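First comes the structure, then the notes that go with it.
The values are calculated or read from the model by the stated rules, or taken from the named source; none is laboratory data. Predicted model, so just to flag it, every value in this text is computed and none were measured. Because the Cβ atoms are built from the backbone with ideal geometry, glycine has one as well, and the counts that use them run over all protein chains shown. Only protein heavy atoms, including side chains, enter the accessible area calculation; ligands, DNA and RNA are left aside. Shrake-Rupley method; radii C 1.70, N 1.55, O 1.52, S 1.80 Å.
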Amino acid sequence: MLFPFIIYGPIRSRRLGISLGVNLMPTNAKICTFDCVYCECGWNQPVLHPKLPTRSQVKLSLEHQLSTMQAAGEAMPDVITFSGNGEPTLHPDFLGVIQETCALRDQYCPNAKVSVLSNSTQLGRKDVVEALLLCDNRILKLDSAIDTTMQLIDKPVNQHLTVAQIVQWLSLFEGNFTLQTCFLRGEYEGRVIDNTNPEELSAWYQIVDILHPKQVMIYVIDRATPLQTLSKVPAEEMEAIAAPLREKGIDVIVSA
């Protein structure tokens with residue numbers, strides 16, 4: 001499923017409320033530094049000359065949508081969410097886009113939050129970190145605390161990427177972010193996928209303790225995935241995963 005527009009929605013998000021989506025990637029192709037086995041946008045496809053929306057196009061599209069909703073007396077969004085057809089922080093003018101989005105939010109819907117769903121792979125860029133610090137919600141992915149499982153689930157384009165590197169980048173936010181993890185089971189190319197077993201959870205809890213994020217968001221697959229052998233983790237197991245963190249006073253959102 002690809003998003004055919006720069007601005008899409010508003011839609012009711014399981015985790016964020018009424019969300020107006022912003023897609024900074026092409027409208028006809030997915031571009032991402034991960035190729036996650038559960039991605040609703042499908043597998044990465046080679047794109048010779050990807051056409052990303054310009055900063056001005058994003059601003060004009062967002063302002064048009066917000067002004068139209070306001071004029072029609074519609075409920076304004078709870079959140080403006082950067083997600084779309086791939087990794088939003090790959091946009092070369094991500095910082096400028098976020099600056100202008102925050103200004104439009106202040107003008108049209110000051111109670112709305114600006115949120116970014118990111119796979120954490122671009123946090124080595126100072127401009128990306130600066131942009132994320134302007135946002136209300138930095139929702140940053142870590143699907144496994146074990147390298148082999150992270151590589152299997154997320155299939156990073158940079159095969160040298162490690163969990164330790166991601167954790168180092170995440171620590172830059174000093175806990176002021178939401179850690180997002182998708183829990184799933186299945187099989188890929190003859191290898192078992194399961195980031196819910198005791199070894200996985202033990203390592204993941206240790207990372208959560210190190211990073212101490214202000215919020216943890218855990219969820220299960222909810223839409224069609226490119227890999228057909230995946231299965232949904234039952235809701236009661238997701239609540240059991242959340243329980244030890246809640247006992248420590250960590251805010252945990254479970255979408256199961």
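What number goes with the only condition from (1) within 26 Å of T178 (Cα to Cα); (2) part of a loop (DSSP other than H, G, I, E, B); (3) open to solvent by less than 50 Å² (accessible area, probe 1.4 Å); (4) modelled with pLDDT of 95 or more that G84 does not pass?
The single condition G84 does not satisfy is (4).
Which of the residues belonging to the range 33-51 are out of contact with any helix residue (DSSP H, G or I) (no Cβ under 7 Å at 6 or more places or on another chain) and among the aromatic types (F, W, Y)?
The answer is Y38, W43.
Please enumerate the residues belonging to the range 87-114 that are open to solvent by 50 Å² or more (accessible area, probe 1.4 Å) and more than 24 Å from R125 (Cβ to Cβ).
D106, Q107, P110, N111
Would you call D127 closer than 25 Å to S19 by Cβ, acidic (D, E) and surrounded by fewer than 22 Cβ atoms within 10 Å (Cβ to Cβ)?
Against the criterion (closer than 25 Å to S19 by Cβ, acidic (D, E) and surrounded by fewer than 22 Cβ atoms within 10 Å (Cβ to Cβ)), D127 qualifies.
What are the residues in the range 176-216 that are assigned to a loop (DSSP other than H, G, I, E, B), under 20 Å from N137 (Cα atoms) and open to solvent by 20 Å² or more (accessible area, probe 1.4 Å), if any?
If the condition is that a residue be assigned to a loop (DSSP other than H, G, I, E, B), under 20 Å from N137 (Cα atoms) and open to solvent by 20 Å² or more (accessible area, probe 1.4 Å), then N176, H212, K214 are the ones that fit.
Just for the range 1-23: of the residues that are part of a loop (DSSP other than H, G, I, E, B) and touching a strand residue (DSSP E or B) at 6+ places or on another chain (Cβ under 6 Å), which one is most open to solvent (accessible area, probe 1.4 Å)?
Checking each candidate, the answer is R14.
Restricting to the range 138-157, and then to whatever is in contact (Cβ under 8 Å) with a residue 60 or more places away in the chain and more than 19 Å from L117 (Cβ to Cβ), can you tell me which residue is surrounded by the fewest Cβ atoms within 10 Å (Cβ to Cβ)?
Of everything passing the filter in the range 138-157, L152 is surrounded by the fewest Cβ atoms within 10 Å (Cβ to Cβ).
Being exposed (fewer than 14 other Cβ atoms within 10 Å of the Cβ) and of a type in the set (A, V, I, L, M) is the filter here; which residues of the range 158-171 pass it?
A164
Taking interchain pairs and intrachain pairs at least six residues apart, which have beta carbon atoms under 7 angstrom, with the first residue in the range 44-69 and under 21 Å from S19 (Cα atoms) and the second among the aromatic types (F, W, Y)?
These pairs meet every condition: L66/Y108; S67/Y108.
Tell me, please, whether a residue that is open to solvent by 50 Å² or more (accessible area, probe 1.4 Å), modelled with pLDDT of 95 or more and not aliphatic (A, V, I, L, M) can be found in the range 39-55.
yes
Quick test of your reading of the structure: T229 fulfils all but one of (1) part of a helix (DSSP H, G or I); (2) more than 15 Å from N119 (Cβ to Cβ); (3) not charged (D, E, K, R). Name the failing condition by number.
(1)
Please verify whether the range 70-79 includes one or more residues that are farther than 20 Å from V128 by Cα, open to solvent by 50 Å² or more (accessible area, probe 1.4 Å), small (G, A, S) and in contact with a strand residue (DSSP E or B) (Cβ under 8 Å, 6 or more places away or on another chain).
Yes; the residues of the range 70-79 include at least one that is farther than 20 Å from V128 by Cα, open to solvent by 50 Å² or more (accessible area, probe 1.4 Å), small (G, A, S) and in contact with a strand residue (DSSP E or B) (Cβ under 8 Å, 6 or more places away or on another chain).
Are there any pairs, at least 6 apart or on different chains, whose C-beta atoms fall under 9 Å, with the first in the range 216-232 and under 28 Å from G249 (Cβ atoms) and in contact (Cβ under 8 Å) with a residue 40 or more places away in the chain and the second open to solvent by less than 20 Å² (accessible area, probe 1.4 Å) and assigned to a loop (DSSP other than H, G, I, E, B), and if so, which?
Close Cβ pairs (under 9 Å, with a partner that is open to solvent by less than 20 Å² (accessible area, probe 1.4 Å) and assigned to a loop (DSSP other than H, G, I, E, B)) amount to Y219/F183.
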